[in-house]
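Okay, so here's the structure we're looking at.
The values are calculated or read from the model by the stated rules, or taken from the named source; none is laboratory data. Bear in mind the structure is a predicted one, so any value in this text is a computation, not a measurement. Note: ideal-geometry Cβ built from the backbone for every residue, glycine included; neighbour counts use all protein chains shown. For the accessible areas, the whole protein counts, side chains as well, though only heavy atoms, and no ligand, DNA or RNA atoms are used. Shrake-Rupley method; radii C 1.70, N 1.55, O 1.52, S 1.80 Å.
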Amino acid sequence: MLATGAAGVVGGALVVWPLVSQLAPDAQTIAAGAPIDVDLAPVAEGQGIKLTWRGQIIFIRNRTKKEIDEARAVDVATLRDPQTDQARIKAGHDKFLVLYGKCTHLGCIPSGTAAGEPKGDYDGWVCPCHGSHYDSSGRIRRGPAPLNLGIPPYAFTSDTKIKIG
């Protein structure tokens, strides 16, 4: 009787297991939305990189002291979407700015991350579609965009590594 019950439990598990395992997302789905690790060490001061996470363009810039000083000298009360530079970075990592690379007007990809791209009037990014200008903190300063460039969820896992997502 006990052996028959045990055989029934094992047999039931063997039948149910494939059904349950099919409910889990496949590796491609997990990879598309999974957090990503980014090593910032190769990004020199003044340089930026673009990458993709969850189908979104991400900008990462290693800002210069001049860019940080310019971003912090702005009277926040004059901004369309008031936000301090400190609120847009992680404490202790003032040089690195991580942003969604999508204009908040109609979703074009602003230029200003790669070397040689125009950075607009505020040393940040400029949208080639309708001319929105963002400063070196990714805040909207001029043009039709209503909001600052968004900030994806991220955290520093070491001094030069971040995890996005």
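Numbers for the structure displayed
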| read-out | value |
| --- | --- |
| Selection within region 30-69 - of a type outside the set (A, V, I, L, M), outside any loop (DSSP other than H, G, I, E, B) and open to solvent by less than 30 Å² (accessible area, probe 1.4 Å) | Gly33, Gly48, Trp53, Phe59, Arg61, Asn62, Glu67 |
| Matching residues, region 131-149, being of a type outside the set (D, E, K, R), surrounded by 13 or more Cβ atoms within 10 Å (Cβ to Cβ) and in a loop (DSSP other than H, G, I, E, B) | Gly131, Ser132, Ser136, Ser137, Gly138, Gly143, Pro144, Ala145, Leu147, Asn148, Leu149 |
| Region 53-65, residues that are touching a residue at least 40 places away in the same chain (Cβ under 8 Å) and more than 15 Å from the chain's Cα centre (by Cα) | Arg63 |
| Pairs with Cβ under 6 Å, 6+ apart, first in region 112-135 and at positive phi, second open to solvent by less than 60 Å² (accessible area, probe 1.4 Å) and among the aromatic types (Phe, Trp, Tyr) | Gly112/Trp125 |
| Within region 115-130, tally of residues that are touching an Asp or Glu at 6+ places or on another chain (Cβ under 6 Å) and assigned to a loop (DSSP other than H, G, I, E, B) | 1 |
| Among residues of region 70-82, those that are closer than 17 Å to Asp94 by Cβ and surrounded by 11 or more Cβ atoms within 10 Å (Cβ to Cβ), counted | 5 |
